[in-house]
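The values are calculated or read from the model by the stated rules, or taken from the named source; none is laboratory data. Values in this document were obtained by computation on a predicted structure and should not be read as measured data. With ideal geometry, Cβ positions are generated from the backbone for all residues, glycine too; neighbour counts draw on all protein chains shown. These area figures cover heavy atoms from the full protein model, side chains too; ligands, DNA and RNA do not enter into them. Shrake-Rupley method; radii C 1.70, N 1.55, O 1.52, S 1.80 Å.
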Amino acid sequence: MSVNVEEKLGIDKFRVDENNAHIYIKNDPDLAEFYKLHLACPAGLYKIDDKYGCRFDYAGCLECGTCRVVGGETVLAKWEFPNGGMGVEFRYG
Ligand code: SF4
């Protein structure tokens, strides 16, 4: 049995707080450290472009905390849960 992760994530609903990003990355983070988050984030939100630029968008965050554990000291400038009523709403089915 195989699992299509994008299909599963597509079931969830997100309320993005456009006025308060709950995660910030540092300016010009170390690429090797950023790459760990690129591999670890289950939502695939840490992206590296073809010029080795680091890209991150908190929309679509699953609030799992993996990046906080892996890069909380090296890459992240801020990690908080979204304000009440915002963020991910998990759906199963
Ligand atoms: S909390 Fe989880 S889903 Fe959200 S950005 Fe970090 S690793 Fe990705």
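Data overview
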item: Label point distance in nm, Cys64-Val5, each placed 7 Å from Cα along Cα→Cβ; result: 0.7 nm
item: Cross-link partners of Lys26 among aspartates and glutamates (Cα-Cα below 12 Å; sequence separation of 8 or more within a chain); result: Glu73
item: Whole-number accessible area per residue in Å² for the range 21-83, which is evaluated in the context of all protein chains at 1.4 Å; result: 61 Å²
item: Degrees, to the nearest 10: 31-40 long Cα axis against longest axis of the chain; result: 10 degrees
item: At most 13 other Cβ within 10 Å, DSSP loop - GluC sites (Glu not before Pro), the range 1-54; result: Glu18
item: Accessible surface ranking that places the most exposed of Tyr52, Tyr58, Tyr46 first, with a 1.4 angstrom probe; result: Tyr52, Tyr58, Tyr46
item: Most mobile listed residue (Gly65, Gly44, Gly53) in the chain, GNM with C-alpha springs under 10 Å; result: Gly53
item: Rg ratio (alpha-carbon, reference 2.2 N^0.38 Å) - the chain; result: 1.11
item: Distance between modelled label sites at Leu39 and Tyr92, nm, 7 Å Cα→Cβ extension; result: 3.1 nm
item: Surface share of carbon and sulfur [accessible, 1.4 angstrom probe, percent] for the chain; result: 51 percent
item: Dipole of the chain, positive end: most advanced residue of Phe56, Thr66, Tyr46 [Cβ charges, Cα centre]; result: Thr66
item: Estimated [θ] at 222 nm from DSSP helical runs (n ≥ 4, -39500 (n - 2.57)) normalised by residues in the chain, nearest 500; result: -5500 deg cm²/dmol
